[in-house]
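Working notes for the structure below.
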Amino acid sequence: MAQGSLQQKGGAVGFEGIGADIKPLLKQFEQLRKKVKDPDVQKRIHRAVGKLYKEEMLKNIKDAKQEIRVRRGGKKGGPTIPIGTLRRSIKVWQIDKQHSTFWVGPRVGKRQPEDADGWFANIVEGGDQKFGGNTQKGVFERSIRAVQAEAFTVMRKKYDFQIRKIARKKNK
């Protein structure tokens, strides 16, 4: 921690200056800031918080009772959605490798296996009857609202823990 300092001012009959030399303290604050700003620390914290959202979404999603066949314009041979596809599509992923930002939700696209591609998630969220009807409507929004306060608290505690951990190391 910062050392106090005494400085005599004004010669033998002058004033005594009592203050704090805050340069070491400022240096430690800068080291704390850098450590918390470390992308690896942030990624670890953000992924853990994302898992809270994922668990809540998985808890709220109800699987369909049967496979859903999608046919467009009466044509045969359209995609068939296996039971449990929406649950398997829920992921926590880093959206940009240069930052510590993560998204949580149904993963869509070429990188997903066919039985875990959540391309129809917006249809489910909107409440289309073929995809679970009104029981699934708004499932993602409800899940996010339900866990948002807890997730913020967990994230704050994890950052606080990192700061205390670094401060303990610096104090030794």
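Structure notes:
- Number of the condition not met by Lys65 [criteria: (1) modelled with pLDDT of 85 or more; (2) assigned to a loop (DSSP other than H, G, I, E, B); (3) not small (Gly, Ala, Ser)]: (1)
- Looking across the stretch 57-100 at every residue that is under 18 Å from Val124 (Cα atoms) and hydroxyl-bearing (Ser, Thr, Tyr), the one that is surrounded by the fewest Cβ atoms within 10 Å (Cβ to Cβ) is identified as Thr80.
- Any hit, the stretch 101-110, residues being out of contact with any helix residue (DSSP H, G or I) (no Cβ under 7 Å at 6 or more places or on another chain) and buried (at least 18 other Cβ atoms within 10 Å of the Cβ): no
- Check on Ile123, closer than 29 Å to Gln31 by Cα, of a type in the set (Val, Ile, Thr), out of contact with any Gly (no Cβ under 6 Å at 6 or more places or on another chain) and at pLDDT below 85: no
- Residue pairs whose Cβ atoms lie under 6 Å apart, sitting 6 or more positions apart in sequence or on different chains, and linking a residue in the stretch 137-155 that is part of a helix (DSSP H, G or I) to a partner that is aromatic (Phe, Trp, Tyr) and surrounded by 11 or more Cβ atoms within 10 Å (Cβ to Cβ), are Val147/Tyr53.
- The requirement of being more than 21 Å from the chain's Cα centre (by Cα), in a loop (DSSP other than H, G, I, E, B) and not polar (S, T, N, Q) is fulfilled nowhere in the stretch 85-96; no residue meets it.
- Residue match in the stretch 39-46 (condition: hydrophobic (A, V, I, L, M, F, W, C), out of contact with any strand residue (DSSP E or B) (no Cβ under 8 Å at 6 or more places or on another chain) and within 25 Å of Gln148 (Cα to Cα)): yes
- Boolean, Glu125 is within 30 Å of His46 (Cβ to Cβ), of a type in the set (Asp, Glu) and in contact (Cβ under 8 Å) with a residue 12 or more places away in the chain: yes
- Residue within the stretch 111-119 that is assigned to a loop (DSSP other than H, G, I, E, B) and among the aromatic types (Phe, Trp, Tyr) present: yes
- Test result for Lys54, under 26 Å from Phe161 (Cα atoms), crowded, with 16+ Cβ neighbours inside 10 Å, of a type in the set (D, E, K, R) and touching a strand residue (DSSP E or B) at 6+ places or on another chain (Cβ under 6 Å): yes
The values are calculated or read from the model by the stated rules, or taken from the named source; none is laboratory data. What you see is a predicted model; the values in this text were computed from it and never measured. Methodologically, a virtual Cβ is constructed for each residue, glycine included, from the backbone with ideal geometry; neighbour enumeration extends over all protein chains shown.
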